[in-house]
Structure formats: structure tokens, C-alpha cells
């Protein structure tokens, strides 16, 4: 359908539109008009992606003179593929209506792992080895060598791509990753480099957060994006954590040992070069004297990483004299590694600011701040000079230099924390030195500064006023939309106490109550009752691994687990990715065949960071890639989600304490506020996965008495809150059970999908035209 | 028709297996309230006033929807009049739950009885068998046959519930039986499922495909909540899936399966079937009836082939196996083939229209179609004769009468 929003004609590929999509587009359009940033919350399953794509592309079409570009950031490859598929439908529709002038070029950019078509390279097991494998074939010196000696192998796809040179462009259309690989194969061009080249020309680019937020990557990939671009961060509820991770480094014993090995290898290489061809080292020296900025004209394949968030002026400075010579630089690094390993030997937890750390480093190891700042670039340059291609072997020393550069660059917003052992396992010495970033705005600031409009959107962004403070920006629009539903298909409940016929004991995972046997038993009872009335799949979230282990143990001893198993199979998430993937696979099968199952899971944060990211990114590695991509528990895979406890972060963690302190001092965000915000965001994220479309239905139980308090509850997203009736705020197990039965029966009845006249949830073109702009606003609330 | 109050009471008190000790803990006055949950039959209106839930409108809208879905396929459709139906009753642990009063299984038994009678009333040419699932195993309680009494008696004797439930075992068993029946018959399974899970020995998806291949139409009525596998089964085999809200809804749902479904195209070929039309024996004649094996006075039917005596029709002769029906039975099947078109709803403006002044009363019961406040109430109009009817008459005409009084009177005059 085709309709107007103010002066823009919007092309929407479907015949009907949800009212909330329409109001979403209006807000988005205002943001684009104002050339500002915005925050929009709209529940999943309401077609956020297509609303975004359709409005922004239509906006570009209506203003052909401005070179506007859409940069769409997703979290996983799977989401990237979905977005491109939607865009394809939209693009076909626009071409049908507007003809060839609507043609755009849209591509997805991913890592070599996902794009490489060279069979020998892509067979490698992880991302870093694919990268290294590619470099071995495509580095400039390898190719130079191959030109003389035909025995040196190169990548034919890359060679063809280089030969085609400027002719290597893709005709404008929408390419999914699959199609990109296919067309690369067909033409014999390397899809990865082709995509990287085409990013500069494309109208729509879909890629991962890292390409914009991680300064190391962003400077290569995204440096030529024009200011007029619109940046969209989809599913951005954890964006502050992504930003922080991008700038945090942790150093362990293994890292230091690996770094030492790397250093001796580098020194061997240097000796070898000195013996054979000393002039190369001399040339490098001269180049460094002239300054790093001149290094800009390196061939595309050689620049692999760049400097983490360095202010521009540093690049124009010359490298300090004491690290210009390769041997000297090695000495500095050796001293640094030695110093770090000395620090790791501590018995106590230490916390230091970067300034203090640099001061002590310079007095003990004689390395000053400026030297530290240049470590990363200097290492990069050295490795290029030494023609090292197996970069995956050198990750450790890269980590060290990354650390050094960050410490040298930032005086504020970071802290260095050394912990001799993990708090949860005090007997096992596992010293770790962490440089943790507390300020999410550091990484995202360049994005806000550089691009005209940044759209941050997700299904759960509540409380929406906290994000601007955390990320330190001023949105022109921040709105939260609710879902228009034909029936009340979500049923959130707050369960505060045990069964009214037994003890009525309040349930909570509060620290002083969580080990109370009565509480554990009441949680067990709750689950037991629920498995007997809820069909198919139930998902149960716990606050942490240790808590989950403890409670399952108790349930096992008291026989509750056995009783649960009479009704449903039980699956438990473990720290092992493959095991969990397998469990998930079997869970789905149990739901499909009617046996029914319960899955004990943890909130996203509790998993080792990037643990699940890893699965989704490397979905081709896992043989069961299909299972791993995006864990939704919609339809019969999750008729009920039970959130046991409030998923607060581990408040004794030193990093968290340091961050809280920083937030309080810098942004005036109270500790309690931030913790509650973070916990509720996790909880909403957990329960939000139960419903992914309007035809679906599901129940959510928040099992903790603290949820009934207004300050906690009010931080839930409005689309959940609007269905949370006052009567369901303080339930006991048996009351919840009764509500569940009634709800499930009600939802099993056939219903009318379009909604009756007073509760319209699907608008056709005529209906949309009938609605004046004025009346539209009332509908969306 | 005020079934709402009863409905609430039944759906009301919900406890689990530990029901007994629950009530033990409550005070006497509490118990009456937990049982009745009378507050749930009230709802708040816009101004915050309490009023009873409007069941009438709900009931009628449900009926209209059903009617529409039934007639959505073309009006003159071939129906499968000769049906071979297996009723699968789940007697697993879940069937003994007491969310229906007195228990699920008692409610099921009661309504299966009415269903079997209604089924034979509407489909005199069809046959029924009963299968039960208990302890994960499916048993054939009665073989397929045409006598309602024998099925009902057999069922009433076996109502103990225990163990798990297995959908696959039941389907396998029924599939084995139904594969043997002649090709003109329509194979159907109606599953009354209380459990929320199924413990199967193998892959149930294979069994579903098998049923689909042997053209068995599987329908499920759930008593607790929607299960994916049941929905899948019904979708694959062309049956219907529904979940009962309460006892009266369950009754409605099960009776929906009484009228014959549309015929499957491949089976819709002309066929001759052997059938006997027995004579009613003279009053006062004494003979031994073949079904109960005892002497009876009068009121029996004699098989035209072997002269054995049967107590009631329709049935299958115990001696020669001939299907015994009476001609009214055949006539009764007839209306399925020529249903009356569903009536259209009348907009209120029509009733106010002075041109249609005549049509202010229901043509059926002659009651005024206007509300007490002289505002137009809900009404329907027959698309053929354009007569107006009230909602009660609408239901009566479609469900019991099977003739439109308006059209019939037109024809006569």
C-alpha cells in the first residue's frame, strides 16, 4: 500500500498496516526532519523492521537530491539475514510502483567467516583463523612473492577481484549474504572485499554493531560513511553494554604467557630480517619518523585493525623516539608484560584509576604515557613490516597493546581492577587484570557526532529516559508504543507468595531469603503446579548459575524434580555451548511431539559474554546452526515464562561497583536506580521472548515479591505493564494457577484476526486515508 | 439459556490433585465461596457499575460463527452420511481432575452418552466404536457397531483413570481398525483429550502421516488447553480442534461433531449398500429379543432377512449382521443435504425504516423485535423470503426445524 505521511509518500509492501507501525513511522519521520537522534520502543512482533525500512527508504526516495544512506546495525547474522529479506520484499514493491528509478543497492557486511567463498579458507574453525587464512593468501607481500614464484598460493577470488579493479561493482539491488556469496562465486570475485568496497556506494548497509561501535573496526569499515547517513541500532536494549565491552580489556595469566611467546617469536623474526634484509626495518623507521598518518595508503588487505578510539591529533603526531626501532619497542613490550605479571601476583583485590596506573608504570617500568598510547599502532606497523600473516597466533600481544593504548589514552571513565581469584571460587587462584570501561558514551560518541540521525530501537527500552543519560545524548524523540491487540494475548502476573493453602510464605531471591528452604520449596511447588496445567513448553529463568545449581539440587533431593518430570521433560542450560544447543534442540522436539518440556535458562547477561553471540555468529560452525540462531520461545515453544527472582547483577563485583560509582559521580544516576533498571531490563528481555507475533499468546510470571513494588514494576516496558492488571499484582501460587487455566482456555478459542470495529488492529489503505493525522495519535495510546 | 451462571460455577473452583486437603484447610464459609466464585460472573461496565456478564449475546455470537463456518463451504455440498467414527476417550490421570464438576471423566461420560444418541439420531446409517487410553496404552472398549445402548453401557462400566496418555498408541490402534472398513464409509476419529502431554513409544509425526494417508479425519476436543500436537494432527487430517471452556461449552463442542462432515472427494462415488427395513412387531406379541437374550412383550422390530427380534433401531442385526434402519431414519439424514441458508443479520437502521413497518415482529414466534425501550433489538432476515426472525427462532430453525417457516408459507400461498 501507498500512503502519505506529511510530505513523504511511503511505500509499504503489505496490504494492511498496524496502527502502531503507522505512528512509529510518524515519529521516525519527525526525527529525520529534525536531523536528530531518537529512541523508540515498540514490542517485537509488531513489524518494527519493515516500518523502519519502509519509512527511511521512502524518505530517501522523496528527497533524491540528498545523498542519504541507511546504516542498519543488527546484533546477529540471523537478524541481518531477516532484515535483508524484508528489505528485498520492500524493494520489489517499490520498483513495481516507481520503476527503475527506485533501484537501490543494499548489502550486508559480515566477517570473512560468513562471506568467504574460498573453500580452503572457510573450512577453518573460527573467525580469527579464517581471517588469518585469508591474509596468508591475500597479503600484499604474499602476492608480490607469488608474482615471482608460482608455487606460492594466492586466493583466485581475490586476484580476480583485484584484476577487475574499479569494474568490480555490483548492479544495484538487494543482496542477502547468501546472494552475495553466490554472485561472488559466479563472477569469481571475493565477496568479502567486494562487500567492503561496495559499502561506500550502497544506499543501505546492514551490518553488526561492532562495525560502528568497536573503534578498532569502525575506523576501517565505516570511515567513509557520509554525514547524511541514518544509523539504526535494532534490538538495542543492551547497547550500553556493547559500548562498554568494546572498550574493555581483561588480561589473564594465559594472556601474558602467550604475549611472551609472541614477543620471542617477533624477536626471532627481527633477527632474521636483520640478517637478510635490514633495509626493510630501516624503511619502517623512516616512515615512523614521518608520522603515522602517512601510513594511510596501505593496500586494502593489509590494514586489519586500527587504533582504538584515538583522538585524531595523535595520528598526526610522530611515534615517540623510544619505540621507533623495532628492538626498542620489543624491550618496552617486554617490560610492560613483566610489570603486568608482577601486578597479577598480588594477593589482594586492587583498584586503580588509569592515571595512577600509568604513574606507577612509568616509575617501575619506565614507560611513559605517550609511549603507551602508541603501542597498538606500533605493533601493527611492526607486524606488517615483519610480514606476519598468521595474525590469529598473535592475539595475546595484541590484547596487551590494546590495553596499553587504552590506558594511555583515557584518564577518565575507566578503572583497572586486579582480582587474585574469582569471588565465587576463592580457592582457585585465577588472577585477572581488567581494564573496564564505565562510560558507555565514549564508544558511541563518535557515532552520534558523526551521523545526522541515529535511531535506537528495541522491544524493551524501558525506562526510556535512562538511555539518553547513559549514552549521553539528546534525543529529539523518545517514545514508547504499545501493541494493539485483538485479544489480551499476553498475561503477565506477579507472584509474591506460596500457595494460600499452605504457608503463604513470600517468595523472593533476595539475598537473605534465597536459601530459605521454604522459599525454595515454594518455587518448586509453583513450577510443579504450572507444569500440570500449561501445555507444551515452559521456560524458567533463574537469576544466576550458582542459584540455579543450588535450587535444582534442592529440588532433586526433595523429589520435586521427579514430580515435574512426570509431566514434562526438564532441560537445563549449562556453560557448555554445544551441550546447551543440543538441549535446546531436544527441547523443541519435545514441544513439537506433545511430550512437553521445561527449560531452565539464565538471562542473557549471566552467560559468559559473547557465549551465545558466538553461537549465532558462527552458526555455520555448529552443526545445529539452525537451533542456535536467535533463541525465541514463541508459540508452543513457550506458553509460559517464569522469571524466578529479580535478575540483579552480582553486586559485589568490583567492576560493577566501580561502574556504579562512576555513574553516580558523572551522570548523577543513583546506584539503586541503575541496578533496578538493569535488572528489570533483563527480566523484560527474558519474558519478552514468549511472544513474537500478534497471533501468538503466552503468560509471564514474575515470581518475586519485589516485583509488586511500584518502583520495580514501573520500569517494565509499557506493553507488558498495560496488560498487568491490578488484580494480578500480588498473587499466591493457587491464584496464579487459576488464572493460568482460565487464560489458556480462553486463548484456545478461535478468534477474529482483524479485530472488531472499535478495536481495529489492521488498517487497510482506505482506512488509513480516512484517519486524519489528528485522530491517529489517540489511537496509538 | 442462562447457562453463564452454571458455567462459572463449574469452571470455578480450581484446585489440583491435592484438592482434598485444600478444602480441609478452609473454613466452611470460605468453602462455599471458593466453590462458587460468584464474583466472576460479574463484570464492570464503563461507568464502574457491576452487572452480570452478558452471556446471551456471547452465546448467540458463538452460534452465528459456528453457523457461518459450517456454511462457508458451498450450500449444496455432498456430505458423508455413512460414517465410521471412533470415539477416543482419554482415561489418563488428568481425566480425574476436578476442574469440571464432579470430575472431568464424569462430565465426559455424560456428554458422550448424549453425543452417541444424537449421533445415531442424525446419522442413522453410521457406526461408532469406543477406544480408551489408560496407563499409556490404548484399548478398544467396543467394536464398531450401530447400537447406541451397547456402547453407552460398556463405557459406563469402565471409568477409572490412571497413568499417562498416549496419542500415538490410540491413533495406531484406530488406524488399524478403520483401515478395514469399506471404502464408501467415512473414517473419523473424535478424541476427547484431558491430558496436556502425550507419552509416545515412537515418532508421532509418522503416525499422523499414516492417518492422513488412510484418509482418517481426526478431531480433538481438549479439556484443558491448546496443545500443539493436537492442532497439528487436526490440521494435517482435516479435522477440527477445539478446547472446552466449561461443561456447557464442552457439550456444544461435542455435539458439533454430530452432523455429517463434507464428503471427501475421492470417496464420493455412488455405491449400493445392503440395508433392512424391519417391521414393528404387533402389540402384545411375546418373543425373545436377540440383543438382550430375554423374552419381551411387544414393541420390537423383526429383521426382514432372518426374522430375529431387535429392541430398537437403528442397529445391526445380531444374527445376520444386516444394517437395520427405519425409513424415518433415512429421511432424517436428508436435511443435511439441503440445509437452510444462514440468515443475515439486520442492521438496526433497517428496523427503524418506516417502509418495513410490517416487519416489526418475529415471523416465527410473533414476538416484537423491539426492545422494551422501543429500540430495535437484534434480528435476522432470511435471504430468500426476506422475513424477519428473532435470535431464538433463528437458532431453533437452524438446529431443530430445518425448514424456514417463511419460505414454506410462501410456497403454499
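The values are calculated or read from the model by the stated rules, or taken from the named source; none is laboratory data. In this text the structure is predicted, and so the values were computed from the model without any measurement. Neighbour counts are summed over all protein chains in view; Cβ atoms, including those assigned to glycine, are modelled from backbone coordinates with ideal geometry.
Points worth noting:
- The residue that is nearest to residue A:527 (Cα to Cα), counting only those in the range A:726-750 that are part of a loop (DSSP other than H, G, I, E, B) and within 12 Å of chain B (Cβ to nearest Cβ), is A:748.
- Put simply, of A:372, A:406, A:361 the only residue that is closer than 28 Å to residue A:666 by Cα and over 32 Å from the mean Cα position of the chain (by Cα) is A:361.
- Some residue of the range B:209-218 being within 14 Å of chain A (Cβ to nearest Cβ) and buried (at least 19 other Cβ atoms within 10 Å of the Cβ): yes
- Matching residues in the range A:561-585 - criterion: being within 14 Å of chain B (Cβ to nearest Cβ) and part of a helix (DSSP H, G or I): A:563, A:564, A:565, A:566, A:567
- Exclusive hit being at pLDDT 85 or above and surrounded by 21 or more Cβ atoms within 10 Å (Cβ to Cβ), set B:88, B:137: B:88
- In the set (1) modelled with pLDDT of 85 or more; (2) away from chain B (no Cβ under 14 Å); (3) not in a helix (DSSP H, G or I), the condition left unmet by residue A:712 is number (3).
- The set of residues from the range B:219-260 being away from chain A (no Cβ under 12 Å) and in a strand (DSSP E or B) comprises just one member, B:219.
- Scanning the range B:178-197 finds no residues that are over 30 Å from residue B:102 (Cβ atoms) and within 9 Å of chain A (Cβ to nearest Cβ).
- Meets criteria (within 14 Å of chain A (Cβ to nearest Cβ) and out of contact with any helix residue (DSSP H, G or I) (no Cβ under 8 Å at 6 or more places or on another chain)) for residue B:164: no
- Residue list for the range A:56-79, restricted to those being part of a helix (DSSP H, G or I), under 21 Å from residue A:195 (Cβ atoms) and in contact with a helix residue (DSSP H, G or I) (Cβ under 7 Å, 6 or more places away or on another chain): A:57, A:77, A:78
- Some residue of the range B:280-296 being surrounded by 22 or more Cβ atoms within 10 Å (Cβ to Cβ) and outside any loop (DSSP other than H, G, I, E, B): no
- Looking at the range B:102-201, the strands (runs of 3 or more DSSP E) lying wholly inside it that each contain 3 or more residues that are within 17 Å of residue B:256 (Cα to Cα) sit at B:186-193.
- Exactly one residue among B:221, B:208 is at pLDDT 90 or above and either within 18 Å of residue A:750 (Cβ to Cβ) or not assigned by TED's automatic domain parsing to the domain that holds residue B:248 (or both), and that residue is B:221.
- Which listed residue, of B:129, B:145, is surrounded by fewer than 18 Cβ atoms within 10 Å (Cβ to Cβ) and either touching a strand residue (DSSP E or B) at 6+ places or on another chain (Cβ under 8 Å) or modelled with pLDDT of 85 or more (or both): B:145
- Here residue A:206 fits the description: part of a strand (DSSP E or B) and touching a residue at least 60 places away in the same chain (Cβ under 8 Å).
- Residue match in the range B:176-190 (condition: surrounded by fewer than 24 Cβ atoms within 10 Å (Cβ to Cβ), closer than 19 Å to residue B:94 by Cβ and touching a helix residue (DSSP H, G or I) at 6+ places or on another chain (Cβ under 6 Å)): no
- Of note, residue A:364 satisfies the criterion of being farther than 23 Å from residue A:219 by Cβ and either at pLDDT 85 or above or crowded, with 21+ Cβ neighbours inside 10 Å (or both).
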